[in-house]
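One structure below.
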Amino acid sequence: MRRFVADKAKTLINRSRTTCSSSSPITTSTSVLQRLTSSSSQSPAVLRFLSTSSDSMASDYSSTPVTLNNVNPKVLKCEYAVRGEIVNLAQKLQQDLKENPGSHPFDEILYCNIGNPQSLAQQPITFFREVLALCDHPLILDKSETQGLFSADSIERAFQILDQIPGRATGAYSHSQGIKGLRDTIASGIEARDGFPADPNDIFLTDGASPAVHMMMQLLIGSENDGILCPIPQYPLYSASIALHGGTLVPYYLDEETGWGLEVSELENQLKTAKSKGINVRALAVINPGNPTGQVLAEANQREIVEFCKKEGLVLLADEVYQENVYVPEKQFHSFKKVARSMGFGEKDISLVSFQSVSKGFYGECGKRGGYMEVTGFSPEIREQIYKVASVNLCSNISGQILASLVMSPPKVGDESYESFAAEKEGILSSLARRAKTLEDAFSSLEGVTCNKAEGAMYLFPRINLPDKAIKAAEEAKTAPDAFYARRLLNATGIVVVPGSGFGQRPGTWHFRCTILPQEEKIPAIVSRLTEFHKQFMDEFRG
């Protein structure tokens with residue numbers, strides 16, 4: 001009976017796919033269409049698809065009540081390059097390859113644009129998935145076969161977690177801050193990491209770190225006169241969130257010449273400039289390890305940053321989602337909370353929000369949408385407001401909550417799963433380190449390209465010194481020079497990178513962000529394709 005139902009379902013799905021591929025409209029703004037079609041190297045199939053989509057939009061939706069003239073201007077201002085026009089084009093090319101094999105000079109799209117490890121064949125951590133499976137289907141805990149299929153410690157952990165969940169059901173809502181027992185576990189993990197106490201009541205479990213960032217922007221931004229100090233280059237979540245909530249991004253530039261260093265003198269200058277323009281700077285955002293830049297802050301530098309926030313009365317927003325991703329022996333991750341407490345600053349001395357996610361590290365559980373923020377240094381009245389904002393969304397998803405607790409409390413020495421867990425963790429992190437070094441060396445060997453060492457995170461951010469002729473061609477195509485380069489790279493090789501202009505950069509410099517996540521056996525092909533393309537590109541535009 002099950003096989004019959006499954007076969008019927010497959011038939012229905014295939015029919016649905018056929019219908020959708022032939023009839024579903026894709027809504028793309030006119031400005032994006034212009035940028036996508038500006039390159040002469042677009043395939044005829046892609047150009048034909050885009051043209052048809054644009055025509056149908058104009059005829060079908062011209063009389064609808066929502067137009068670009070009356071939509072929320074904050075939405076129009078918001079941009080998110082990581083899933084922007086280059087990625088949209090890559091998806092069209094991928095579909096084109098599927099429908100017309102051999103229609104491009106490559107046979108697959110290599111996504112190097114986003115930190116999404118499992119989409120690039122990274123395997124999930126066994127212990128984490130065993131616990132999740134048992135929690136989602138607790139009836140199998142009582143089956144005799146379970147003892148032979150699951151490790152003893154994953155079974156024990158599942159029982160513990162289920163006892164903490166109201167109704168023992170992962171399909172039920174939880175407390176808006178997250179399940180209390182899971183927050184207890186996370187607090188214990190933070191204490192073990194930092195050596196300082198952590199309060200589970202300070203922890204808000206969220207669907208990844210992004211909603212936590214949005215929540216803090218909602219709290220801090222009341223108008224465009226409220227500013228947030230953000231690094232440039234920065235992860236576009238911050239610029240997008242600030243734009244959506246109507247605030248002002250106050251940029252501070254990382255120093256590329258010193259390995260993307262963060263100078264307090266730069267913070268002071270930018271704060272002074274913002275104040276002179278009437279901007280009330282509320283917070284400082286720091287990403288450590290850095291995204292897209294890959295640097296790991298030295299503890300002494302972190303102390304300077306904490307002192308700066310204390311002196312200026314700023315909330316310190318510490319994005320620490322890559323805390324497990326450190327690849328060089330001379331650097332070590334230190335949480336900002338640990339640094340602040342080691343300096344003698346207590347709960348009432350500095351306002352600090354730390355963000356963590358299950359999407360990064362060695363676990364890469366992006367689709368499970370788990371994460372948390374630890375909120376310290378806020379009055380009870382403000383904490384009530386944060387809780388109110390959290391409660392509007394009811395709660396984060398339970399699987400993500402469970403994963404967040406597992407990330408902060410993995411198997412320990414003596415547990416049945418410990419050796420396999422440690423081997424999986426070491427295998428992933430050591431491979432990432434090798435991939436980072438291979439790509440770093442490859443980028444540095446290219447004409448006109450310089451690339452700082454990837455100390456941590458999942459990305460490299462090489463600088464490309466483009467010929468004047470290429471910059472002029474980009475201007476004629478009405479696009480940024482690094483976006484012009486990235487589009488040409490995609491059309492020639494199938495490699496997807498994100499233009500540096502999507503992250504911000506010093507005026508007159510051009511970069512792109514490339515992840516180190518494609519599987520290790522694919523890295524040589526990426527290096528080979530990129531090297532050949534870059535030589536041809538420079539030969540074309542050098543004169």
Filter result for Phe336 (modelled with pLDDT of 95 or more, over 25 Å from the mean Cα position of the chain (by Cα) and open to solvent by less than 50 Å² (accessible area, probe 1.4 Å))
no
Out of Gly344, Gly361, Gly370, report the one residue that is assigned by TED's automatic domain parsing to the domain that holds Leu316 and in contact (Cβ under 8 Å) with a residue 60 or more places away in the chain.
Gly370
With the requirement that a residue be open to solvent by 50 Å² or more (accessible area, probe 1.4 Å) and of a type outside the set (Gly, Ala, Ser), what does region 98-110 give you?
Lys98, Glu99, Asn100, Pro101, Pro105, Asp107, Glu108
Meets criteria (within 23 Å of the chain's Cα centre (by Cα) and open to solvent by less than 10 Å² (accessible area, probe 1.4 Å)) for Ser359:
yes
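Listed here are the residues, each with its yes/no results for (1) modelled with pLDDT under 90; (2) within 26 Å of Ala433 (Cβ to Cβ); (3) assigned to a helix (DSSP H, G or I).
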{"residue": "Lys469", "(1), (2), (3)": "no, no, yes"}
{"residue": "Ala474", "(1), (2), (3)": "no, no, yes"}
{"residue": "Ala483", "(1), (2), (3)": "no, no, yes"}
{"residue": "Arg488", "(1), (2), (3)": "no, no, yes"}
{"residue": "Cys514", "(1), (2), (3)": "no, yes, no"}
{"residue": "Val527", "(1), (2), (3)": "no, yes, yes"}
{"residue": "Phe533", "(1), (2), (3)": "no, yes, yes"}
{"residue": "Gln536", "(1), (2), (3)": "no, no, yes"}
Filtering region 141-174 down to residues that are farther than 12 Å from Ser399 by Cα and in a loop (DSSP other than H, G, I, E, B) yields Lys143, Ser144, Glu145, Phe150, Ser151
Tell me which residues, restricted to region 149-174, are within 15 Å of Thr126 (Cβ to Cβ) and out of contact with any Leu (no Cβ under 8 Å at 6 or more places or on another chain).
Leu149, Ser151, Ala152, Asp153
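Table: residues versus (1) open to solvent by less than 50 Å² (accessible area, probe 1.4 Å); (2) out of contact with any helix residue (DSSP H, G or I) (no Cβ under 8 Å at 6 or more places or on another chain).
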site: Gln323; (1), (2): yes, yes
site: Gly344; (1), (2): no, yes
site: Ser354; (1), (2): yes, no
site: Lys368; (1), (2): no, no
Selection from region 502-512 of residues of a type outside the set (Phe, Trp, Tyr) and under 23 Å from Ala436 (Cβ atoms) yields Gly502, Gly504, Gln505, Thr509, His511
Does Gly508 satisfy being open to solvent by 60 Å² or more (accessible area, probe 1.4 Å) and small (Gly, Ala, Ser)?
yes
Based on this model, can you work out whether Ser391 counts as assigned to a helix (DSSP H, G or I), surrounded by fewer than 24 Cβ atoms within 10 Å (Cβ to Cβ), of a type in the set (Ser, Thr, Tyr) and in contact with a Lys or Arg (Cβ under 9 Å, 6 or more places away or on another chain)?
no
In region 144-175, what residues are farther than 14 Å from Val131 by Cα and loosely packed, with under 11 Cβ neighbours inside 10 Å?
Ser144, Glu145, Gly148, Gly167, Gly171
Would you mind finding the one in Gly246, Gly222, Gly208, Gly227 that is closer than 30 Å to Cys395 by Cβ, of a type outside the set (A, V, I, L, M) and open to solvent by less than 10 Å² (accessible area, probe 1.4 Å)?
Gly208
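May I ask you to verify whether Ala422 is open to solvent by less than 40 Å² (accessible area, probe 1.4 Å), in contact (Cβ under 8 Å) with a residue 24 or more places away in the chain and among the small types (Gly, Ala, Ser)? Reasoning before the result, please.
Numbers: open to solvent by less than 40 Å² (accessible area, probe 1.4 Å): yes; in contact (Cβ under 8 Å) with a residue 24 or more places away in the chain: no; among the small types (Gly, Ala, Ser): yes.
So Ala422 fails the test.
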Within region 114-140, can you find the residues that are outside any helix (DSSP H, G or I), open to solvent by less than 10 Å² (accessible area, probe 1.4 Å) and modelled with pLDDT of 85 or more?
Ile125
Looking only at residues that are polar (S, T, N, Q) and either assigned by TED's automatic domain parsing to the domain that holds Pro329 or not in a loop (DSSP other than H, G, I, E, B) (or both) in region 436-458, which one is surrounded by the most Cβ atoms within 10 Å (Cβ to Cβ)?
Thr438
In region 490-500, what residues are under 20 Å from Ala436 (Cβ atoms) and either among the aliphatic types (A, V, I, L, M) or in a loop (DSSP other than H, G, I, E, B) (or both)?
Ile495, Val496, Val497, Val498
Under 9 Å between Cβ atoms, which residue pairs at least 6 apart in sequence (or on different chains) link something in region 211-224 that is outside the structural domain of Ile242 (by TED's automatic domain parsing) with a partner that is in a helix (DSSP H, G or I)?
none
Among the listed residues Leu267, Leu271, Leu284, Leu237, identify the single one that is open to solvent by less than 30 Å² (accessible area, probe 1.4 Å), outside any helix (DSSP H, G or I) and touching a residue at least 24 places away in the same chain (Cβ under 8 Å).
Leu284
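The values are calculated or read from the model by the stated rules, or taken from the named source; none is laboratory data. Here the structure is a predicted model, which is why all the values come from computation and not from measurement. Cβ sites come from the backbone with ideal geometry, for glycine too, and all protein chains shown count toward neighbours. Areas reflect the complete protein model, heavy atoms only, side chains present, ligands, DNA and RNA absent. Shrake-Rupley method; radii C 1.70, N 1.55, O 1.52, S 1.80 Å.
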